[in-house]
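Nothing in this text is a laboratory measurement; each read-out follows from the coordinates by a stated rule. Computed from a predicted model, the values in this text were never measured in an experiment. When we count neighbours, we look across all protein chains shown, and the Cβ atoms used for this are built from the backbone with ideal geometry, even at glycine.
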Amino acid sequence: MPNRTWTGAVAASARGGSAAFGGWLRTPSGILVWRSAERIGDLTLRQAVDRGMSALLRVSLAHRASGPGVAVWPEAPLRYGKALLRQVEDAEALALAESVLPPPAEFAVAGIEMIEPGHYVAHGTRDYKVWPLLGVCSCPAFTYGASRPCKHIKAALEAERQVG
Ligand SMILES: [Zn+2]
């Protein structure tokens with residue numbers, strides 16, 4: 001008996017004040033019939049997932065796909081119409097959603113680590129040395145004067161305040 005199961009995925013991501021969904025749908029024999037990504041502005045991840053599911057179900061209906069098994073990320077109800085949802089991450093759908101979002105900030109501050117009093121390292125895409133009380137940082141934004149104080153200095157000053 002042939003496998004009659006349609007498969008699909010919807011994923012949402014958010015960055016820089018925008019949310020987006022990505023999704024795809026394949027026939028039981030694996031033919032891709034729908035692949036889409038849409039940036040939809042100031043919505044929550046859940047709302048973006050809903051938009052993606054609506055789009056996928058419209059396409060499913062048009063193809064008479066019976067209750068496709070759908071991988072959904074990050075959050076969804078367990079059923080959506082006749083679709084059976086599995087709450088797992090799908091790399092392809094997530095990559096589609098990511099592809100329509102603004103690029104990540106070049107100098108994203110993942111964390112500030114105190115090396116010794118007054119001397120910090122800002123961990124991010126690259127690590128930078130920060131001396132917040134001197135108002136000096138080794139990042140390009142500070143070095144070339146685009147931003148003084150830079151975000152690392154501000155973050156390290158905040159860390160200083162928390163240390164007391
Ligand atoms: Zn900096």
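So here's what we get for this one:
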read-out: Helical contribution to [θ] at 222 nm, DSSP H n ≥ 4, -39,500 (n - 2.57), averaged over the chain, rounded to 500; value: -8000 deg cm²/dmol
read-out: In degrees, nearest ten, helix 151-163 long axis to first principal axis of the chain (Cα); value: 70
read-out: Net lengthening on full extension, residue 115/residue 54 (0.36 nm per residue, minus Cα-Cα); value: 17.0 nm
read-out: Most mobile of 113, 92, 38 in a GNM of the chain (Cα contacts under 10 Å); value: 113
read-out: Hydrodynamic radius by Kirkwood, which averages 1/r over all alpha carbon pairs of region 7-99, in angstrom; value: 12.6
read-out: Farthest toward positive dipole pole in the chain [+1 Lys/Arg, -1 Asp/Glu at C-beta], among 36, 162, 61; value: 61
read-out: Residue of 135, 67, 22 that the Gaussian network model of the chain assigns the largest fluctuation, springs spanning Cα pairs under 10 Å; value: 135
read-out: Relative exposure of 116, 158, 98, judged by other C-beta atoms within 10 Å (fewest first); value: 116, 158, 98
